[in-house]
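Take a look at the structure below.
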Amino acid sequence: MLSRTSVRRTGLGLTLAAVAMVAAACSSASTSSAPAAAGSTATSSAPSASGSGASSTAASSSAASGSSSAASGSTLALKTESGSPGIWLTNSSGRALYAYTKDKGSTSVCYNACATAWPPLLATGPVTISGKYTVPSDLGTTTRTDGTKQVTYGGHPLYYFAGDTAAGQTKGQGIGKVWFLVGPVANIMNGTKP
């Protein structure tokens, strides 16, 4: 029979193994020079409030998963949330938004398996932001290799974490020491609060 200590260690080991697998998927995808094909499932798993601009598969997949999907060209509203990590950006439903420190400036390097675990925040229309300390002029977009527009804030492409399944969750914070919440002053929240 297992002792109480070994059961705890096993649980921690499984959690660490899961984190390592996600980090490995992101690391391998970030070094790949092959872009995701348009309409691939890499972007279709996004809990997108971005609309159907990526592909009809993306819109139907995100709608089927219960996430909100804005009509093409409608306004995408971002806001802030606060909790133990500090103050961070979310979509209008409260889903946390992250930055990938391996991105090259405002250009995303997260495709394929990486974009499945970390779906990009896509937009087909205007984007707004509200909340404490936010800077609306920091909003922008960058064009992904499939032609879709990914939202940026302070030059950082924004992503969801597939492991965050409800509003207010920040399970992606610090994964692989390369994924971090984005603060309202476009700060990468790597252990410091704004």
Using a 1.4 Å probe on heavy atoms of the protein chains only, the accessible area for V109 in Å², nearest 10, reads 30 Å²
Given H placed on each backbone N at 1.01 Å, which residues far from I129 in sequence or on other chains put an amide H within less than 5 Å of it? L78
Once label points are set 7 Å from the Cα along Cα→Cβ at both K171 and S130, what is their separation, rounded to one decimal in nm? 3.0 nm
At 0.890 mPa s and 25 °C, Stokes D of region 68-177 from Kirkwood alpha-carbon radius, µm² per second: 174 µm²/s
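The values are calculated or read from the model by the stated rules, or taken from the named source; none is laboratory data. Computed from a predicted model, the values in this text were never measured in an experiment. Here the Cβ is made from the backbone with ideal geometry for all residues, glycine too, and neighbour counts use every protein chain on show. What goes into the accessible areas is simple: the full protein's heavy atoms, side chains included, and nothing from ligands, DNA or RNA. Shrake-Rupley method; radii C 1.70, N 1.55, O 1.52, S 1.80 Å.
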